[in-house]
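Undergrad: Pasting a structure here, questions to come.
Computed from the coordinates by the stated procedures, all read-outs in this text should not be read as laboratory data. Values in this document were obtained by computation on a predicted structure and should not be read as measured data. Counting neighbours? That spans all protein chains shown, and the Cβs are built from the backbone with ideal geometry, glycine included.
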Amino acid sequence: MELKPEVIGERLKSLRTEKGSSQEEVAEVAGVNVRQYRLYEAGQATPPLDRVVALVCYFDVSIDYLVGISECREVKKYSRL
């Protein structure tokens, strides 16, 4: 399965606006400069895995949702046995 940067970008922008965050705030959370984050939102670059993890934690969504594999935003919680 190929990741589509434009899907990730659309979801990042939607999540950011829903949360009421600025691009600067989200860039800081992701550990990138604002220019790089804008490329993510524009679908012109794909964030590496470590940045994806930071973003899904910030937005409290699943990785599957952010990268366009699933329409389910919910993060599944697992208990340890």
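Undergrad: Taking 10 °C and 1.306 mPa s as the conditions, I'd like the Stokes-Einstein D for the chain in µm²/s, using the Kirkwood hydrodynamic radius from alpha carbon pairs.
TA: 125 µm²/s
Undergrad: Starting from the Cα of ARG73, step 7 Å toward the Cβ, then list every residue of region 1-26 with an amide N under 15 Å from that point.
TA: What the label zone holds, given the 15 Å backbone N cut-off, is 10-21.
Undergrad: At a Förster distance of 22 Å, what's the computed FRET efficiency of SER62 paired with LEU39, Cβ-Cβ distance as r, to 0.05?
TA: The calculated FRET efficiency here is 0.45.
Undergrad: If the only charges are +1 at each Lys and Arg Cβ and -1 at each Asp and Glu Cβ, what is the size of the charge dipole of the chain around the Cα centre, to the nearest 20 debye?
TA: 160 debye
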